[in-house]
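**Q** Quick one: the structure is below, questions incoming.
The values are calculated or read from the model by the stated rules, or taken from the named source; none is laboratory data. Quantities reported herein were computed from a predicted structural model and do not represent experimental measurements. Here the Cβ is made from the backbone with ideal geometry for all residues, glycine too, and neighbour counts use every protein chain on show.
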Amino acid sequence: MDQQIRALLSRAESVAVVSHIRPDGDAIGSLLGMGLALLHAGKKVQLVLQDGLPQKYDFLPGSEMVQRSIKAPFDTLIVVDCSDLERTGVVLQGQGSPDLVVDHHKTNLAFGRLNYVEPQAVATAAILVEKLPVWGFEVDREVAACLLTGILGDTIGFRTSNMSPQALRIAADLMERGADLPMIYQKTLLSRSIAELRYWGRGLTNINYEDGLLWTTLTLDDRIKAAYPENDDADLINLLSSASDILVVVLFIEQADGKVKVSWRSAEGIDVSQIAFEFGGGGHAAAAGADIIGSLENVVEIVLTKTKSLLGDRKVN
(Lines give C-alpha, C1' and ligand atoms only; values in the text may rest on other atoms or scores of the structure.)
Protein backbone atom coordinates (compact mmCIF):
# COMPACT_ATOMS: atom_id res chain seq x y z
CA MET A 1 0.00 0.00 0.00
CA ASP A 2 2.92 2.37 0.61
CA GLN A 3 3.61 2.48 -3.14
CA GLN A 4 -0.04 3.28 -3.90
CA ILE A 5 -0.11 6.09 -1.35
CA ARG A 6 3.21 7.49 -2.55
CA ALA A 7 1.90 7.51 -6.14
CA LEU A 8 -1.36 9.16 -5.07
CA LEU A 9 0.39 11.93 -3.17
CA SER A 10 3.00 12.41 -5.87
CA ARG A 11 0.26 13.06 -8.46
CA ALA A 12 -1.69 15.36 -6.15
CA GLU A 13 -1.52 19.08 -6.89
CA SER A 14 -4.31 20.47 -4.71
CA VAL A 15 -5.11 18.65 -1.47
CA ALA A 16 -7.85 19.02 1.15
CA VAL A 17 -6.96 17.54 4.55
CA VAL A 18 -9.81 17.01 7.01
CA SER A 19 -10.19 15.61 10.53
CA HIS A 20 -12.99 15.07 13.01
CA ILE A 21 -15.42 17.32 14.85
CA ARG A 22 -14.41 18.59 18.30
CA PRO A 23 -10.77 17.98 17.37
CA ASP A 24 -8.32 16.74 19.98
CA GLY A 25 -4.55 17.00 19.98
CA ASP A 26 -4.02 14.05 17.66
CA ALA A 27 -6.58 15.30 15.13
CA ILE A 28 -4.97 18.75 15.11
CA GLY A 29 -1.38 17.54 15.13
CA SER A 30 -2.03 15.04 12.35
CA LEU A 31 -3.96 17.57 10.25
CA LEU A 32 -1.27 20.23 10.54
CA GLY A 33 1.61 17.79 10.21
CA MET A 34 0.22 16.18 7.07
CA GLY A 35 -0.80 19.55 5.64
CA LEU A 36 2.55 21.25 6.21
CA ALA A 37 4.49 18.29 4.79
CA LEU A 38 2.40 18.55 1.61
CA LEU A 39 2.69 22.35 1.52
CA HIS A 40 6.47 22.26 1.90
CA ALA A 41 6.59 19.83 -1.03
CA GLY A 42 4.88 22.39 -3.26
CA LYS A 43 1.28 21.21 -3.03
CA LYS A 44 -1.70 23.52 -2.66
CA VAL A 45 -3.31 22.65 0.67
CA GLN A 46 -6.58 23.30 2.50
CA LEU A 47 -6.82 22.31 6.17
CA VAL A 48 -10.41 21.84 7.35
CA LEU A 49 -12.02 21.29 10.75
CA GLN A 50 -15.76 21.81 11.04
CA ASP A 51 -15.37 23.24 14.56
CA GLY A 52 -12.24 25.21 13.76
CA LEU A 53 -9.01 25.18 15.74
CA PRO A 54 -9.23 25.47 19.55
CA GLN A 55 -7.40 28.57 20.73
CA LYS A 56 -4.90 26.60 22.82
CA TYR A 57 -3.32 25.25 19.62
CA ASP A 58 -2.75 28.66 18.01
CA PHE A 59 0.97 28.38 18.74
CA LEU A 60 1.43 25.53 16.26
CA PRO A 61 2.91 26.13 12.80
CA GLY A 62 0.16 26.27 10.17
CA SER A 63 -2.60 26.99 12.69
CA GLU A 64 -3.62 30.10 10.74
CA MET A 65 -4.42 27.91 7.72
CA VAL A 66 -7.23 25.98 9.40
CA GLN A 67 -10.69 26.79 8.04
CA ARG A 68 -14.18 25.50 8.80
CA SER A 69 -15.16 24.48 5.27
CA ILE A 70 -13.63 23.54 1.93
CA LYS A 71 -13.42 26.74 -0.09
CA ALA A 72 -11.61 25.78 -3.30
CA PRO A 73 -11.49 22.88 -5.76
CA PHE A 74 -9.10 20.02 -4.96
CA ASP A 75 -7.92 16.86 -6.68
CA THR A 76 -7.06 14.81 -3.60
CA LEU A 77 -8.95 14.39 -0.33
CA ILE A 78 -7.25 13.08 2.82
CA VAL A 79 -8.92 12.35 6.16
CA VAL A 80 -6.74 11.85 9.25
CA ASP A 81 -7.47 10.46 12.73
CA CYS A 82 -11.09 9.66 11.92
CA SER A 83 -12.81 6.27 12.07
CA ASP A 84 -15.83 7.04 9.87
CA LEU A 85 -17.07 9.70 7.49
CA GLU A 86 -19.76 10.97 9.85
CA ARG A 87 -17.10 12.05 12.34
CA THR A 88 -15.92 14.74 9.91
CA GLY A 89 -19.22 16.59 10.35
CA VAL A 90 -20.81 18.29 7.37
CA VAL A 91 -17.66 19.46 5.58
CA LEU A 92 -17.50 16.43 3.27
CA GLN A 93 -21.18 16.16 2.39
CA GLY A 94 -21.43 15.53 -1.35
CA GLN A 95 -17.66 15.09 -1.74
CA GLY A 96 -17.62 11.30 -2.13
CA SER A 97 -15.12 8.93 -0.54
CA PRO A 98 -11.74 10.27 0.63
CA ASP A 99 -8.79 9.27 -1.51
CA LEU A 100 -6.77 8.43 1.60
CA VAL A 101 -7.64 7.76 5.24
CA VAL A 102 -4.85 7.59 7.84
CA ASP A 103 -6.02 6.48 11.26
CA HIS A 104 -5.33 4.37 14.36
CA HIS A 105 -8.83 3.65 15.72
CA LYS A 106 -9.73 -0.04 15.98
CA THR A 107 -13.31 0.77 14.93
CA ASN A 108 -12.26 2.37 11.62
CA LEU A 109 -14.77 1.55 8.86
CA ALA A 110 -12.27 1.73 5.96
CA PHE A 111 -14.31 4.47 4.28
CA GLY A 112 -11.57 5.75 1.97
CA ARG A 113 -10.29 4.52 -1.39
CA LEU A 114 -6.99 3.85 0.34
CA ASN A 115 -7.03 3.17 4.08
CA TYR A 116 -3.85 3.13 6.14
CA VAL A 117 -5.01 2.08 9.61
CA GLU A 118 -2.73 0.89 12.43
CA PRO A 119 -4.82 0.24 15.56
CA GLN A 120 -1.71 -0.56 17.58
CA ALA A 121 -0.22 2.90 17.00
CA VAL A 122 -0.39 5.27 19.97
CA ALA A 123 -1.60 8.10 17.73
CA THR A 124 -2.28 8.86 14.09
CA ALA A 125 0.52 11.39 14.37
CA ALA A 126 2.91 8.55 15.27
CA ILE A 127 1.95 6.78 12.04
CA LEU A 128 2.70 9.92 10.05
CA VAL A 129 6.15 10.31 11.65
CA GLU A 130 7.15 6.94 10.20
CA LYS A 131 5.19 7.04 6.95
CA LEU A 132 5.59 10.57 5.60
CA PRO A 133 9.23 9.92 4.61
CA VAL A 134 8.21 6.58 3.04
CA TRP A 135 5.56 8.43 1.03
CA GLY A 136 8.09 11.01 -0.17
CA PHE A 137 7.76 13.89 2.31
CA GLU A 138 10.06 15.52 4.83
CA VAL A 139 9.40 15.72 8.56
CA ASP A 140 11.02 19.09 9.19
CA ARG A 141 11.00 21.23 12.34
CA GLU A 142 7.46 22.55 11.82
CA VAL A 143 5.97 19.18 10.90
CA ALA A 144 7.77 17.60 13.87
CA ALA A 145 6.20 20.09 16.31
CA CYS A 146 2.71 19.29 15.04
CA LEU A 147 3.19 15.53 15.11
CA LEU A 148 4.68 15.59 18.61
CA THR A 149 1.57 17.50 19.71
CA GLY A 150 -0.57 14.69 18.34
CA ILE A 151 1.40 12.01 20.17
CA LEU A 152 1.35 13.93 23.45
CA GLY A 153 -2.39 14.47 23.13
CA ASP A 154 -3.41 10.86 22.55
CA THR A 155 -0.99 9.40 25.10
CA ILE A 156 -1.87 12.09 27.68
CA GLY A 157 1.80 12.88 28.02
CA PHE A 158 3.16 9.34 27.52
CA ARG A 159 1.00 7.72 30.20
CA THR A 160 -1.62 5.63 28.40
CA SER A 161 -1.46 1.84 28.71
CA ASN A 162 -0.50 1.40 25.04
CA MET A 163 2.76 3.36 25.39
CA SER A 164 5.77 1.54 24.00
CA PRO A 165 9.53 2.02 23.69
CA GLN A 166 8.98 2.68 19.99
CA ALA A 167 6.62 5.56 20.75
CA LEU A 168 9.24 7.16 22.99
CA ARG A 169 11.86 6.72 20.28
CA ILE A 170 9.53 8.45 17.83
CA ALA A 171 9.13 11.36 20.26
CA ALA A 172 12.91 11.58 20.71
CA ASP A 173 13.34 11.65 16.94
CA LEU A 174 10.89 14.55 16.69
CA MET A 175 12.84 16.43 19.36
CA GLU A 176 16.02 15.90 17.36
CA ARG A 177 14.22 17.41 14.36
CA GLY A 178 13.52 20.55 16.39
CA ALA A 179 10.23 19.97 18.23
CA ASP A 180 10.23 21.69 21.64
CA LEU A 181 8.83 19.00 23.97
CA PRO A 182 8.68 21.05 27.22
CA MET A 183 6.90 23.96 25.51
CA ILE A 184 4.40 21.75 23.67
CA TYR A 185 3.73 19.72 26.81
CA GLN A 186 3.06 22.90 28.82
CA LYS A 187 0.75 24.47 26.24
CA THR A 188 -1.28 21.37 25.34
CA LEU A 189 -1.49 19.38 28.57
CA LEU A 190 -0.85 21.71 31.52
CA SER A 191 -1.94 25.24 30.64
CA ARG A 192 -5.61 26.02 31.40
CA SER A 193 -7.70 29.13 30.85
CA ILE A 194 -9.91 30.51 33.61
CA ALA A 195 -12.95 29.49 31.55
CA GLU A 196 -11.68 25.90 31.34
CA LEU A 197 -11.15 25.75 35.10
CA ARG A 198 -14.65 27.05 35.74
CA TYR A 199 -16.05 24.51 33.28
CA TRP A 200 -14.14 21.72 35.01
CA GLY A 201 -15.50 22.89 38.34
CA ARG A 202 -19.08 22.48 37.18
CA GLY A 203 -18.37 18.97 35.93
CA LEU A 204 -16.55 17.99 39.11
CA THR A 205 -19.46 19.02 41.31
CA ASN A 206 -21.74 16.63 39.39
CA ILE A 207 -19.62 13.51 39.91
CA ASN A 208 -21.37 10.22 40.68
CA TYR A 209 -19.64 6.99 41.69
CA GLU A 210 -20.91 3.43 41.98
CA ASP A 211 -18.87 0.21 42.21
CA GLY A 212 -15.94 1.36 40.07
CA LEU A 213 -18.09 3.36 37.62
CA LEU A 214 -17.65 7.14 37.74
CA TRP A 215 -19.72 9.53 35.66
CA THR A 216 -20.58 13.20 35.42
CA THR A 217 -22.29 15.69 33.11
CA LEU A 218 -21.57 19.03 31.45
CA THR A 219 -24.67 20.91 30.34
CA LEU A 220 -25.14 23.75 27.89
CA ASP A 221 -25.84 25.96 30.89
CA ASP A 222 -22.53 24.90 32.46
CA ARG A 223 -20.74 26.02 29.31
CA ILE A 224 -22.49 29.38 29.27
CA LYS A 225 -21.88 30.10 32.95
CA ALA A 226 -18.22 29.15 32.65
CA ALA A 227 -17.88 31.27 29.48
CA TYR A 228 -16.21 28.30 27.81
CA PRO A 229 -16.22 28.89 24.02
CA GLU A 230 -15.80 25.33 22.70
CA ASN A 231 -18.33 22.46 22.53
CA ASP A 232 -16.08 19.78 24.03
CA ASP A 233 -15.12 18.83 27.60
CA ALA A 234 -11.87 20.85 27.86
CA ASP A 235 -10.09 17.50 28.48
CA LEU A 236 -11.96 16.96 31.75
CA ILE A 237 -12.20 13.26 30.86
CA ASN A 238 -8.44 12.90 31.33
CA LEU A 239 -8.62 14.35 34.83
CA LEU A 240 -11.52 12.09 35.75
CA SER A 241 -9.70 9.01 34.48
CA SER A 242 -6.83 9.69 36.88
CA ALA A 243 -9.08 8.93 39.88
CA SER A 244 -8.28 5.83 41.93
CA ASP A 245 -10.61 2.83 42.30
CA ILE A 246 -12.02 3.28 38.79
CA LEU A 247 -13.03 0.67 36.23
CA VAL A 248 -14.85 2.96 33.79
CA VAL A 249 -15.34 6.73 33.56
CA VAL A 250 -18.18 8.20 31.48
CA LEU A 251 -18.55 11.89 30.69
CA PHE A 252 -21.74 13.29 29.15
CA ILE A 253 -21.50 16.64 27.31
CA GLU A 254 -24.79 18.19 26.21
CA GLN A 255 -24.70 19.63 22.68
CA ALA A 256 -26.80 22.36 21.08
CA ASP A 257 -27.98 20.12 18.21
CA GLY A 258 -30.09 17.78 20.35
CA LYS A 259 -27.27 15.31 20.87
CA VAL A 260 -25.07 14.32 23.78
CA LYS A 261 -21.36 13.70 23.33
CA VAL A 262 -20.40 10.67 25.43
CA SER A 263 -16.80 9.81 26.29
CA TRP A 264 -15.65 6.58 27.95
CA ARG A 265 -12.31 5.75 29.58
CA SER A 266 -11.60 2.34 31.09
CA ALA A 267 -9.10 0.35 33.07
CA GLU A 268 -6.90 -2.19 31.30
CA GLY A 269 -8.84 -5.24 30.14
CA ILE A 270 -12.18 -3.45 29.72
CA ASP A 271 -13.08 -2.67 26.09
CA VAL A 272 -15.43 0.33 25.95
CA SER A 273 -15.11 0.73 22.17
CA GLN A 274 -17.79 -1.94 21.70
CA ILE A 275 -20.33 0.18 23.60
CA ALA A 276 -19.38 3.29 21.66
CA PHE A 277 -19.74 1.38 18.40
CA GLU A 278 -23.26 0.25 19.36
CA PHE A 279 -24.19 3.92 19.73
CA GLY A 280 -22.70 4.84 16.34
CA GLY A 281 -19.33 5.94 17.69
CA GLY A 282 -15.96 4.27 18.04
CA GLY A 283 -12.43 4.57 19.34
CA HIS A 284 -10.06 2.36 21.26
CA ALA A 285 -10.49 -0.34 23.87
CA ALA A 286 -9.64 2.04 26.71
CA ALA A 287 -10.88 5.32 25.20
CA ALA A 288 -13.97 5.74 23.05
CA GLY A 289 -16.78 8.15 22.28
CA ALA A 290 -20.12 8.60 20.55
CA ASP A 291 -22.63 11.33 19.70
CA ILE A 292 -26.09 10.16 20.75
CA ILE A 293 -29.39 11.79 19.84
CA GLY A 294 -31.64 12.49 22.82
CA SER A 295 -32.01 14.53 25.96
CA LEU A 296 -29.19 14.52 28.47
CA GLU A 297 -31.34 12.70 31.02
CA ASN A 298 -32.33 9.91 28.62
CA VAL A 299 -28.86 9.44 27.20
CA VAL A 300 -27.35 9.20 30.68
CA GLU A 301 -29.87 6.48 31.56
CA ILE A 302 -29.36 4.28 28.50
CA VAL A 303 -25.58 4.65 28.45
CA LEU A 304 -25.16 3.85 32.13
CA THR A 305 -27.37 0.78 31.70
CA LYS A 306 -25.18 -0.48 28.85
CA THR A 307 -21.96 0.34 30.69
CA LYS A 308 -23.06 -1.41 33.87
CA SER A 309 -23.99 -4.44 31.75
CA LEU A 310 -20.48 -4.47 30.29
CA LEU A 311 -18.95 -4.36 33.75
CA GLY A 312 -21.18 -7.17 35.01
CA ASP A 313 -19.80 -8.49 38.29
CA ARG A 314 -16.43 -6.78 37.99
CA LYS A 315 -15.32 -5.10 41.18
CA VAL A 316 -12.49 -2.71 42.02
CA ASN A 317 -9.55 -4.62 43.49
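**Q** Among the numbered conditions (1) in contact with a Ser or Thr (Cβ under 6 Å, 6 or more places away or on another chain); (2) more than 26 Å from E64 (Cα to Cα), tell me where A110 comes up short.
**A** Condition (1) is where A110 drops out.
**Q** Just give me the residues in region 40-67 being over 17 Å from A145 (Cα atoms) and part of a strand (DSSP E or B), in sequence order.
**A** Scanning region 40-67 gives K44, V45, Q46, V48, Q67.
Quick grid of which residues meet (1) under 24 Å from S273 (Cα atoms); (2) buried (at least 20 other Cβ atoms within 10 Å of the Cβ); (3) touching a helix residue (DSSP H, G or I) at 6+ places or on another chain (Cβ under 6 Å):
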site: N208; (1), (2), (3): yes, no, no
site: D221; (1), (2), (3): no, no, no
site: A226; (1), (2), (3): no, yes, yes
site: S244; (1), (2), (3): yes, no, no
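**Q** From the residues in region 247-257 that are assigned to a loop (DSSP other than H, G, I, E, B) and among the hydrophobic types (A, V, I, L, M, F, W, C), which one is farthest from I194 (Cα to Cα)?
**A** The selected residue is L247.
**Q** Would you mind telling me which numbered condition in (1) under 19 Å from the mean Cα position of the chain (by Cα); (2) surrounded by fewer than 23 Cβ atoms within 10 Å (Cβ to Cβ) I28 fails?
**A** Of (1) under 19 Å from the mean Cα position of the chain (by Cα); (2) surrounded by fewer than 23 Cβ atoms within 10 Å (Cβ to Cβ), only one is false for I28: (2).
**Q** Let me ask something additional. Quick check: anything in region 133-151 free of Cβ contacts under 8 Å to residues at least 60 places away in the same chain and closer than 22 Å to A288 by Cβ?
**A** Checked against the condition, which is being free of Cβ contacts under 8 Å to residues at least 60 places away in the same chain and closer than 22 Å to A288 by Cβ, region 133-151 yields no hits at all.
**Q** While we're looking at this one, here's another question. Out of the residues in region 32-80 that are under 15 Å from the mean Cα position of the chain (by Cα) and without any contact (Cβ under 8 Å) to a residue 60 or more places away in the chain, state the one that is nearest to V91 (Cα to Cα).
**A** Looking at the filtered set, the residue picked out is Q50.
**Q** Only residues that are crowded, with 16+ Cβ neighbours inside 10 Å and of a type in the set (D, E, K, R): list them for region 188-206, please.
**A** E196, R198, R202
**Q** Identify all residues within region 93-117 that are closer than 26 Å to P61 by Cα, assigned to a loop (DSSP other than H, G, I, E, B) and modelled with pLDDT of 95 or more; write none if there are none.
**A** P98, D99, H104
**Q** Additional query: Take M1 and decide whether it is crowded, with 22+ Cβ neighbours inside 10 Å and farther than 18 Å from A72 by Cα.
**A** no
**Q** I need the helices (runs of 4 or more DSSP H) fully contained in region 182-246, keeping only those with at least 3 residues that are out of contact with any strand residue (DSSP E or B) (no Cβ under 7 Å at 6 or more places or on another chain).
**A** Where helices (runs of 4 or more DSSP H) fall fully within region 182-246 and carry at least 3 residues being out of contact with any strand residue (DSSP E or B) (no Cβ under 7 Å at 6 or more places or on another chain), they are 194-204, 220-226.
**Q** Next question. Read through the list (1) outside any loop (DSSP other than H, G, I, E, B); (2) at pLDDT 95 or above; (3) not hydroxyl-bearing (S, T, Y), then give the number of the only condition that R87 fails.
**A** The failed condition is (2).
**Q** OK, next. Quick check on region 130-162: of everything there that is outside any helix (DSSP H, G or I) and aliphatic (A, V, I, L, M), which residue is farthest from G42 (Cα to Cα)?
**A** Applying the filter and picking the extreme gives I156.
**Q** Identify, please: which residue in region 258-317 is of a type in the set (D, E) and either assigned to a loop (DSSP other than H, G, I, E, B) or outside the structural domain of I237 (by TED's automatic domain parsing) (or both) and is, among those, farthest from R87 (Cα to Cα)?
**A** D313
**Q** May I pose another question? Between R265, R223, which is within 27 Å of M163 (Cβ to Cβ) and basic (K, R)?
**A** R265
**Q** Consider region 87-146. How many of its residues are loosely packed, with under 14 Cβ neighbours inside 10 Å, among the polar types (S, T, N, Q) and within 20 Å of the chain's Cα centre (by Cα)?
**A** 1
**Q** Could you say whether any residue in region 228-246 is at pLDDT 95 or above and farther than 11 Å from W200 by Cα?
**A** Looking through region 228-246, none of the residues is at pLDDT 95 or above and farther than 11 Å from W200 by Cα.
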